Amino acid sequence: MSLPDQSQVIATAPSATAAKGPTVILTGDRPTGPLHLGHFVGSLRNRVAYQHDYKQFIMLADAQALTDNMDDTNKVHRNVVEVALDYLAVGIDPAKSTILIQSQIPELAELTFYYLNMVTVARLERNPTVKTEIALRGFERDIPAGFLTYPASQAADISAFKASLVPVGEDQIPMIEQTNEIVRRFNRIANKDILVECKALVPEIGRLPGTDGKAKMSKSLGNTINLGATAVEITAAVKKVYTDPLHLRVEDPGHLEGNVAFIYLDAFDPEKDKLEEMKAHYVRGGLGDSIVKKRLEVVLQEMLAPIRARREELAKDHGYIMQMLKEGTMRAREVAAQTADEVKAALGLRYF
Ligand code: TRP
């Protein structure tokens, strides 16, 4: 397996240069379940920051979610609204960021159709992300063609908006590489730089482990804390948080490595000095897990209470959410349609 080409990956967003016009960011989520603390750390809070300086498009990738959810289309439909609520609840502002629904922009499907001719089946089968996902889903030989080819669709998502920055997790780097291959191939065919190459913007702060200590917080592993979690759910989750299995008695010295309670405190406790004291005490011995968890509980309850309240408030106004999604999608469609028009013209597909 080849290592990701690091020239296509950056950790911090470059400052926007007015001269070249606004830098465009495109990012997205498959709406298959509510978002959780892992999403908050890995992407949502960055999006809240980026929206002030960039032209940011955030895609609810419902069509991509269907590539492996044809047996549960209702789940995808429902979660479009759930994820939209999560976005707004954490502070993504629809006046600053454009939130769009992928399936409602037919030009994305159109672009995908042409891009599929610029990529080989062998190349798709080699895509490390697709490979891993195929193994995880146990498709073996029965891979839905739409699933195997979704990198071409993701290339359409990104290039339709001429995005040059794509904030994603590390697992998505192969998607960016494949997008850039398609972009370069197309521009060569067009003999003109119509499409824009992009860079993956991968946050330095790694991913948040699950409450059980597994490397990743994931709905399917049942080790998440959702952004809309109730106070009772938060309490229950904190009780189960994995700490140091060798820390049997309060007097024993404790370990911080892999200790989820401290990893979460590092991520969310605003009182860093007190946290450092707590860590030193824990390592020395004499500090019980129950005290650490009590602090974690306070921190998470305080952080999530306003998000939950905002989410509940917004959920009452379904009409507003749908209107917001419709307006964002319409704005986005204009951009995508413009690109699709240029692409088709360059391919000799403009007749009238
Ligand atoms: N594949 C991405 C994921 O699973 C979601 C996604 C769809 C996306 N289209 C995108 C991410 C475009 C970035 C850009 O998380």
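Table for the structure above
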{"item": "Between segment 240-305 and segment 46-89, the alpha-carbon center distance in angstrom", "result": "33 Å"}
{"item": "Per principal axis, descending, Cα span of segment 77-138 in whole Å", "result": "41, 29, 21"}
{"item": "Using distinct alpha-carbon pairs, which all enter the 1/r mean, Kirkwood radius of segment 231-314 in Å", "result": "13.4 Å"}
{"item": "Alpha-carbon gyration tensor eigenvalues x 5, square-rooted, for segment 282-352, Å", "result": "52, 22, 5"}
{"item": "Exposure of PHE40 as accessible area (Å², to 10), given a probe of 1.4 Å and all protein chains", "result": "30 Å²"}
{"item": "³J(HN,Hα), Karplus 6.51/-1.76/1.60, whole Hz, each residue of segment 73-80, x for Gly, Pro", "result": "5, 5, 4, 5, 4, 4, 6, 4"}
{"item": "Volume per residue of the C-alpha convex hull in segment 1-126, rounded to whole Å³", "result": "165 Å³"}
{"item": "Evaluated at q = 0.10, 0.16, 0.19 Å⁻¹: base-10 log I(q)/I(0), Debye formula over Cα of segment 141-294", "result": "-0.57, -0.93, -1.12"}
{"item": "Ranked by how many other beta carbons lie within 10 Å on average, peptides 103-112, 263-272, 343-352, 90-99 from highest", "result": "103-112, 90-99, 263-272, 343-352"}
{"item": "DSSP-defined antiparallel bridges as percent of all bridges, the chain, nearest 5", "result": "5 percent"}
{"item": "Inverse mean reciprocal Cα-Cα distance (Kirkwood Rh) of the chain, Å", "result": "21.9 Å"}
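The values are calculated or read from the model by the stated rules, or taken from the named source; none is laboratory data. Every value quoted in this text rests on a predicted model; they were computed, and no experiment measured them. FYI the Cβ positions are ideal-geometry reconstructions off the backbone, even for glycines, and counts take in every protein chain you see. Just so you know, the surface numbers come from the protein's heavy atoms only, side chains and all, with ligands and any DNA or RNA stripped out. Shrake-Rupley method; radii C 1.70, N 1.55, O 1.52, S 1.80 Å.
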